[in-house]
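**Q** Take a look at the following structure, please.
Read the figures in this text as sums done on the coordinates, not as results from a lab. All values reported here derive from a predicted model rather than from experimental measurement. Neighbour counts run over all protein chains shown; Cβ positions are idealised from the backbone, glycine included.
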Amino acid sequence: MEFGLEIYIVLSILHIVMMPMMMSTSLDFQLPETVGLFMIGGFIGYAMDFYLIGFLFAAIMHFMFWSHGGD
């Protein structure tokens, strides 16, 4: 099975939707920033012709820039 654009989109949506529920965050989840990171990850995956690298970039950057509310 090839990790193509369709799988990248599905995994990105699942990650964006499920992470606030799994980490029990507040409404300060920064959804536009997260969507932007995954769009950049998609461009990186397209440029490298390997979407798994783009997904890993986006997921790692998402955890690095995650704001836990009032920190």
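**Q** Given labels modelled 7 Å from the Cα in the Cβ direction, how far is it in nm from W66 to Q30?
**A** Label at W66, label at Q30, 1.2 nm between them.
**Q** Quick one: Y51, Y8, fewest Cβ neighbours within 10 Å first, how do they rank?
**A** Values: Y51 23, Y8 20.
With the fewest neighbours first, Y51, Y8 line up as Y8, Y51.
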